[in-house]
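The values are calculated or read from the model by the stated rules, or taken from the named source; none is laboratory data. In this text the structure is predicted, and so the values were computed from the model without any measurement. A quick note on method: Cβ atoms are made from the backbone with ideal geometry, for glycine too, and the neighbour counts reach across all protein chains shown.
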Amino acid sequence: MMASKLVRFGVSLEEDLLVRFDQRIKQRKYTNRSEAIRDLIREELIKKEWTENKEVTGAITLVYDHHTRKLVTKVLDVQHDYHTCILSSQHIHLDHHNCFEIIVTKGKSKEIEELYQKLKSIKSVKHVGFMMATKGKNLT
Ligand code: NI
């Protein structure tokens, strides 16, 4: 996609709110307000893609003890049910007991959310993380 033209616009807001925003963006290491506002807008547009069941990408992470009876099988069964929206998965043996898994997904947001909820609802899984991402179209 070609870079679109840069447009300037004015924003009016309460001084206290701006002070708090500036403190926040300083903590987040933004060099200026424009970049911080750009990021907020992008995040909002990504949320919109997810709520409108668009084609998106995302990552799901899992931490579980592979010694727990039948747990590995359950985790794998769910992934096979959703194989059409899983691009890849990586399994890392953290220590003698614990496994860390990263599942990279691409597909309709509703399906990916469903996969996340199913993995999350498996008993004895210690942690399930979820990161919404975008295929990047129309985001510069
Ligand atoms: Ni492992």
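Tabulated data
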| quantity | calculated |
| --- | --- |
| Answer residue from region 44-80, given it is acidic (D, E) and surrounded by 13 or more Cβ atoms within 10 Å (Cβ to Cβ) and is farthest from the ligand (Cβ to nearest atom) among those | E49 |
| Complete set of residues in region 15-52 that are among the aromatic types (F, W, Y) and more than 19 Å from M132 (Cα to Cα) | F21, Y30 |
| Conditions (1) over 30 Å from V11 (Cα atoms); (2) touching a helix residue (DSSP H, G or I) at 6+ places or on another chain (Cβ under 8 Å); (3) away from the ligand (no atom under 15 Å from the Cβ): number failed by Y30 | (1) |
| Candidates L76, L45, L62 - the one that is of a type in the set (A, V, I, L, M) and within 30 Å of F21 (Cα to Cα) | L45 |
| Residue ID - farthest from the ligand (Cβ to nearest atom), chosen from residues in region 110-126 that are in contact (Cβ under 8 Å) with a residue 60 or more places away in the chain and surrounded by fewer than 16 Cβ atoms within 10 Å (Cβ to Cβ) | S124 |
| Condition check for I112: among the hydrophobic types (A, V, I, L, M, F, W, C) and in a helix (DSSP H, G or I) | yes |
| Any hit, region 127-134, residues being more than 30 Å from L6 (Cβ to Cβ), more than 15 Å from the ligand (Cβ to nearest atom) and surrounded by 15 or more Cβ atoms within 10 Å (Cβ to Cβ) | yes |
| Residue among K137, K106 that alone is modelled with pLDDT of 95 or more and among the basic types (K, R) | K106 |
